[in-house]
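A.B. asks: Got a structure for you, questions after.
The values are calculated or read from the model by the stated rules, or taken from the named source; none is laboratory data. Not measured: the values here are computed from a predicted model. Heads up, the Cβs are rebuilt from the backbone with ideal geometry, glycines too, and the neighbour counts pull from every protein chain shown. Accessible surface is based on the protein model in full, side chains and every heavy atom, while ligands, DNA and RNA are left aside. Shrake-Rupley method; radii C 1.70, N 1.55, O 1.52, S 1.80 Å.
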Amino acid sequence: MKWGTALAGTAALASTLSPTLVKSAAADVPAAAGESQLMTTACYHNCGGRCILYAEVQDGVVKRIVPDVQAEDGVDMPRATPCVRGRTQINRVYAAERLKYPMKRVGERGENRFERITWEEALDTIANEMIRLKEAYGNESFFFHYASGTQWRGPDGRAPIRRLLSLFGGFTGYYGTYSSACYSAATPYITGIGSNSVDDMLNSRLVVLFSDNPVVTRNGGDGSGYYCMKAKENGTRFISVDPVLNDSAVALDAEWIPINPGTDVALIAALAYVMVQEDIYDRDFMATHSVGFDESTLPEGAPPNSSWMAYIMGDADGIAKTPEWAAPITGIPVSRIVQLAREIALTKPCCLIQGLGWQRRAYGEQPVRALPILAAMSGNFGIPGGGTGMRSGNGTSIKSGGFPEPTNPIEAQIPVFLWPDFITRGTEMTALVKDGDGLRGAESLSANMKFMWNHGGNCITNQHSDINGTIEMLRDDSKLELIVTSEVMMTPSCLVSDILLPAATGFEADNLITGLGAGRANWLMYSHQVIEPLFESRTDLWVAEQLAERLGILEQYQEGHATREDWMREMVAVTQAEYPDFPTFEEFKEVGIYKRFTAGQVVAGAAFREDPVANPLPTETGKIEIFSPYLYSLNYPEGMPAIPMYIPEWEGVSDPLRERFPLLMTTNHAVHRSHSTFANVEILQEAHQHVVMINTLDAAARGIQSGDTVRVFNDRGTIELKARVTPRIRPGNVNVWQGTWHKPDANGVDVGGCCNTLTKYHPTPFAKGNPQHTNLVQVEKV
C-alpha cells in the first residue's frame with residue numbers, strides 16, 4: 001500500500017515544493033514521522049545525461065521525483081530536468097520485476113527454472129567456481145561482460161567487481177562499445193577530434209543532421225536538443241537526412257531528406273562531386289590542411305588514383321560519383337542532391353553533425369570518415385557556427401575520482417561485440433584486422449571463456465544480435481561454465497544465467513556520479529541512499545568484499561578502507577584537490593551537487609585551421625586524413641579502404657535477399673527507454689506503445705492498418721507487435737525501436753517485439769562493431 005501511494009504521488013508537480021523543504025534536506029538528519037525529506041539522487045543510466053534528481057521521501061518510501069531545484073547562476077543554459085525515464089525512477093524501484101533474492105538455475109539454460117538460495121550459498125558457489133575455473137583454465141578464461149545499466153563513479157557500479165577480478169589474477173578485457181564502436185575506431189583516421197560544443201550551434205545559419213535525433217537522444221546528455229531549439233528560435237535552418245522523419249526534425253521544422261539506410265557515403269560522394277564540378281569548395285584549405293584530397297596531397301607511397309578526388313571523379317574505378325549515380329542508390333532525386341551540395345557549400349556558417357545510428361551498420365566505419373570531408377570542403381572546419389563533421393561536444397568536464405581498479409594482469413582484450421566468439425573459438429581468435437578478430441594485447445588466448453560476470457547489463461541476449469542463435473549457443477554449459485548476473489530486474493539476460501544476485505538500486509545506497517550539462521556545465525553529485533535496500537538486495541561493494549573474503553584477498557581489496565564512506569572520501573578528495581572552491585566532504589554530502597561552468601562556445605580545430613603546422617591534428621599525418629597510411633597498410637579495400645568509400649551492404653538496399661525479405665529494418669532509440677532499462681515500466685509502455693513503423697504504401701500493399709497486429713520476420717526469428725502506418729518513414733523501410741524485452745511464446749514467436757530477435761551477428765570489418773541497423777525483413781498481418 002505504501003508503494004501504491006508512492007507511485008500515485010509521482011503525478012504531483014515539482015513546482016509545489018516549498019523552498020523550506022529544499023533547504024532542510026540534510027541527508028544525515030532523518031525526518032520526523034509523517035514529514036517529507038528531499039534528498040539528492042541521480043538518474044544513473046546510459047542515456048548520456050545523468051540528470052539531477054531529488055527524491056521526496058516520507059516514512060521510508062519515495063513519494064515522488066523532483067527535478068533540479070537549483071538556479072543556474074545566470075548562465076544561459078537549461079536546468080538538468082529529467083525526461084520521462086527519470087521521472088519514472090520510482091516505478092523501477094518498486095517494480096514487480098525486481099530481482100528479490102539470490103537464485104540459482106536448476107534446469108537447462110534458457111528454461112527459466114530457478115530456485116531461491118541464500119546469499120551464503122550464492123557467494124560460496126561463486127567463489128568455489130572461481131577457484132576451480134582458475135586452476136583448470138587460467139585467468140584468461142574469465143570475462144567481465146559489457147553493460148551500461150549503472151554509470152556510477154563509485155563505490156558501486158562495475159568497478160568493485162572488476163577490482164576483485166584483477167586482484168584475483170585478472171580477466172580478459174574488451175574494447176569498444178555497442179553504442180559507438182565504429183565512431184571510436186574510425187575517428188583517429190580522419191580528424192582525431194570531435195566537433196564544436198553544442199552551444200556553438202547558435203552561430204550556425206544552417207545545420208544538417210545526418211542520422212541524428214538530438215532532441216530525443218541527446219537532450220539530457222549534452223543539451224544538443226536544447227541548443228537546437230534555441231538555434232531554431234534564432235532563425236537557424238535545419239535539414240535532416242534520415243530514413244525516418246524523427247521527432248527532432250518535426251520539432252525543428254527541418255526539411256526531411258529521406259535516404260535509403262546505409263547509402264550515406266554514396267550521397268556524400270555525390271555532394272562532393274557537385275562541389276568540385278561547380279568549383280564551390282575551399283580549394284586552398286584542402287591543399288594545405290588535408291592528406292589525400294587530391295593526387296597532389298597524397299602521402300608518400302600511396303598509389304596513383306587513390307585520392308578522394310580520384311574516387312569521386314571516377315579516375316579510380318571508372319565510375320564518376322555523380323548525382324545521377326547516387327540517386328538510385330540513395331533514393332534521393334538528382335535535383336535535391338545538387339541543391340543540398342550548394343546549400344552546404346554556400347551557406348556560411350554551416351554545421352554538419354553526425355549521429356551514431358549510421359555507424360551501427362554493416363560498414364559503419366565509412367560514413368564516420370566521410371562526413372568531415374564535406375565539412376572541410378565547404379569551408380566550415382574550425383570556424384564558429386561550423387564544425388568538423390564529427391559529433392558535437394560538451395565543452396567542459398569535471399575531474400573526479402573513481403573507485404580504484406588496479407592494473408589488470410591480463411592484457412588481452414577482445415572487441416566487445418565478439419564475446420560469443422570468445423566462448424566458442426576463443427583460442428582461435430587472432431590479432432589481425434583483415435581475416436582476423438582484432439584481438440589486442442596478445443597474439444592469441446590460452447583459453448575460451450569459462451566464467452562470465454554480467455553486471456547490470458542485458459547484452460547476453462536482449463541487446464545482442466540474433467537472440468535465438470545466442471540462446472542456442474549458451475544452452476551448452478560445458479562451453480561457458482558459469483554465468484553470474486548481478487541485476488536489479490529479472491531481465492531476459494537473467495534467464496540464461498546460472499547465479500542471480502539481487503542488486504540495490506541507486507536509491508538504496510550512497511554513490512557518486514558525474515553529470516553532463518547542456519554545453520556549458522558539468523557536475524559531480526552525491527547520490528544519497530534514500531530508502532533501505534528492498535528484499536535481499538545488496539550493494540555491489542558489499543558483494544565484492546564478501547567474495548574477496550572467501551577468496552582470501554579481503555585485506556588487499558580494502559586497502560584500509562573499512563567503510564563505504566572511506567572510499568567516497570578518497571574519491572571526493574581528487575575533486576577537492578583540483579578545484580579550490582570545492583566544499584568539504586560534509587558540506588558536499590549535504591548540498592549534494594557541485595557544478596562547474598565554462599565561458600561558452602568551443603570551436604574544435606580552430607587552432608589547426610589557423611596554423612596546421614604549429615597546431616596539428618592528432619592523426620598520423622597531423623592533418624585531415626582523407627587517405628590514411630595506416631588503413632592503406634592493412635590492404636583491406638573491401639572492408640576498410642584507405643579513403644572513405646560507399647560499400648554496398650549485406651542485407652542492404654541492393655542485396656538480392658530483398659526478393660524474400662524486401663523491407664530494410666532499422667532499430668532506433670526509444671524516448672521512453674535507455675536501451676532496455678525502463679522497458680518494464682507499465683506507464684511508459686502505455687504512453688509510448690511499442691510498434692513497428694511502416695510506410696503507408698508498404699502497409700497498403702499488405703492490407704495493414706494502424707493498430708493491426710503484425711509479424712515481422714526473417715530467417716533468424718519472428719516478432720509480433722502492433723503496426724503504426726505513417727508517411728514518416730521512407731517506403732521500403734520499417735523501424736522497430738530497440739530495447740523492449742524479448743518474450744518468446746510457446747512457438748518461439750517473440751511477442752515482446754524485441755528487434756534483436758531479427759538482427760544479425762555479423763561484426764563490422766574494422767571496429768568489429770555492432771551492425772544492428774542492417775537487417776532485411778518481411779511484414780505480414782496476423
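A.B. asks: Under a 5 Å amide H to amide H cut-off, with H placed in plane at 1.01 Å, what residues pair with Ile513 once short-range neighbours are removed?
C.D. replies: Residues meeting the criterion, in which the H sits 1.01 Å from N, are Arg153, Met525, Ser527.
A.B. asks: Continuing with this model, one more query. Can you tell me the equivalent ellipsoid semi-axes for region 204-332? Use √(5λ) from the Cα gyration tensor, largest first, whole Å.
C.D. replies: On the way: eigenvalues 210, 64, 34 Å².
Taking √(5λ) for each eigenvalue gives 32, 18, 13 Å, largest first.
A.B. asks: Take the solvent-accessible surface of the protein heavy atoms, probe 1.4 Å, and return the percent of it on region 562-601 that carbon and sulfur atoms account for. Walk me through the numbers on the way to the answer.
C.D. replies: Numbers: 1050 of 2100 Å².
Its accessible area is 50 percent carbon and sulfur atoms.
A.B. asks: For a quick protection proxy, order the peptides 407-416, 208-217, 475-484 by their average other-Cβ count within 10 Å, most packed first. Show your work: numbers first, answer last.
C.D. replies: On the way: 407-416: 19.0, 208-217: 24.6, 475-484: 16.7.
Highest to lowest by the protection proxy: 208-217, 407-416, 475-484.
A.B. asks: A follow-up question, please. Hey, what's the chain come to in accessible area per residue, 1.4 Å probe, Å²? Write out the running numbers ahead of the final one.
C.D. replies: Details: 27830 Å² over 782 residues.
Accessible surface, normalised per residue, equals 36 Å².
A.B. asks: Could you compute how fast region 356-486 diffuses translationally, taking Rh as the Kirkwood radius over C-alpha pairs and applying Stokes-Einstein at 10 °C with viscosity 1.306 mPa s? Give it in µm² per second. Can you show the working numbers first?
C.D. replies: On the way: Rh = 18.5 Å.
Rounded to a whole number, D works out at 86 µm²/s.
A.B. asks: Right, something else. What spacing in nm lies between the two simple spin-label points modelled at Gln556 and Asn112, each 7 Å away from Cα in the Cβ direction?
C.D. replies: Label at Gln556, label at Asn112, 4.2 nm between them.
A.B. asks: While we're here: In region 184-301, carbon and sulfur make up what percent of the accessible area (probe 1.4 Å)? Walk me through the numbers before you get to the answer.
C.D. replies: Details: 1680 of 3680 Å².
Exposed carbon and sulfur together represent 46 percent of the surface.
A.B. asks: What would the Debye formula give as log10 I(q)/I(0) at q = 0.14, 0.17, 0.23 Å⁻¹ for the alpha-carbon point model of region 297-407, no solvent?
C.D. replies: Results for region 297-407 at q = 0.14, 0.17, 0.23 Å⁻¹ read -0.78, -1.05, -1.43.
A.B. asks: Please report, to one decimal in angstroms, the Kirkwood hydrodynamic radius of region 119-209 built from all distinct Cα-Cα pairs.
C.D. replies: On the way: mean 1/r = 0.0578 Å⁻¹.
Here the Kirkwood hydrodynamic radius works out to 17.3 Å.
A.B. asks: Can you give the alpha-carbon Rg of region 358-419 over 2.2 N^0.38 Å, where N counts its residues?
C.D. replies: Numbers: Rg = 18.0 Å, N = 62, 2.2 N^0.38 = 10.6 Å.
Taking N as the residue count of region 358-419, the ratio is 1.71.
A.B. asks: Further question on the same structure: Would you tally the net charge around His289, using a Cβ to Cβ cut-off of less than 14 Å, leaving His289 out, and scoring K and R as +1, D and E as -1? Spell out each step's value before the answer.
C.D. replies: On the way: positive: Arg283, Arg609, Lys623; negative: Asp282, Asp284, Asp294, Glu610, Asp611, Glu625.
Net local charge, His289 excluded: -3.
A.B. asks: I'd like the antiparallel share, as a percent to the nearest 5, of DSSP beta bridges with both residues in the chain.
C.D. replies: 55
A.B. asks: I've got another one for you. Quick one: Debye curve from the C-alpha atoms of region 95-167, no solvent, what's log10 I(q)/I(0) at q = 0.15, 0.19, 0.20, 0.28 Å⁻¹?
C.D. replies: Results for region 95-167 at q = 0.15, 0.19, 0.20, 0.28 Å⁻¹ read -0.76, -1.18, -1.25, -1.21.
A.B. asks: In terms of the Cα gyration tensor, with a ≥ b ≥ c the square roots of its eigenvalues, is region 704-782 rounded because a/c is under 1.5, prolate because a/b exceeds b/c, or oblate? Please list the in-between numbers first.
C.D. replies: Values: a/c = 2.20, a/b = 1.32, b/c = 1.66.
In terms of gyration-tensor shape, oblate.
A.B. asks: Same structure again: Just to check, using Stokes-Einstein with a Kirkwood Rh over alpha carbon pairs, what's the diffusion coefficient of region 171-267 at 37 °C and 0.692 mPa s in µm²/s?
C.D. replies: Details: Rh = 14.9 Å.
Translational diffusion coefficient: 221 µm²/s.
A.B. asks: Which percent, to the nearest 5, of DSSP beta bridges fully inside region 476-563 are antiparallel?
C.D. replies: Numbers: 6 of 11 bridges.
In region 476-563, DSSP labels about 55 percent of beta bridges as antiparallel.
A.B. asks: Three principal axis extents, largest first, for the C-alpha atoms of the chain, in Å?
C.D. replies: Reported extents, whole Å, longest axis first: 75, 60, 57.
A.B. asks: Using only the alpha carbons, work out the radius of gyration and Dmax of region 655-752 in angstrom.
C.D. replies: Just the Cα atoms of region 655-752 yield Rg and Dmax of 13.6, 42 Å.
A.B. asks: Further question: I need the semi-axes of the equivalent ellipsoid of region 634-708: take the C-alpha gyration tensor, multiply each eigenvalue by 5, square-root it, list largest first in whole angstrom.
C.D. replies: Working: eigenvalues 224, 100, 14 Å².
That gives 33, 22, 8 Å for the three semi-axes.
A.B. asks: Now, a different point. Find out how many positive minus negative residues lie around Lys722, taking Lys and Arg as positive, Asp and Glu as negative, among other residues whose Cβ is under 12 Å from that of Lys722.
C.D. replies: Numbers: positive: Arg711, Arg724, Lys781; negative: Asp708, Glu720.
So the environment of Lys722 carries a net charge of +1.
A.B. asks: Ok, one more. May I ask for the net charge around Trp523, where only other residues with Cβ less than 10 Å from the Cβ of Trp523 are counted and Lys, Arg are +1 while Asp, Glu are -1? Provide the component values of the computation, followed by the final result.
C.D. replies: On the way: positive: Arg50, Lys595, Arg596; negative: Asp68.
Around Trp523, the charge tally is +2.
A.B. asks: Compute the semi-axes of the equivalent ellipsoid of region 578-703, taking the square root of 5 times each eigenvalue of the Cα gyration tensor, and list them largest first in whole Å.
C.D. replies: On the way: eigenvalues 347, 263, 36 Å².
After scaling each eigenvalue by five and taking roots: 42, 36, 14 Å.
A.B. asks: Provide Rg over Rh for region 164-205; use the alpha carbon set for both Rg and the Kirkwood Rh (inverse mean inverse pair distance).
C.D. replies: Working: Rg = 17.6 Å, Rh = 13.9 Å.
With Rh from the inverse mean 1/r over Cα pairs, Rg/Rh is 1.27.
A.B. asks: Given bins 10 angstrom wide, list per bin the percent of all Cα-Cα distances in region 701-747, short to long.
C.D. replies: The calculated distribution, bin by bin, is 19, 57, 22, 2.
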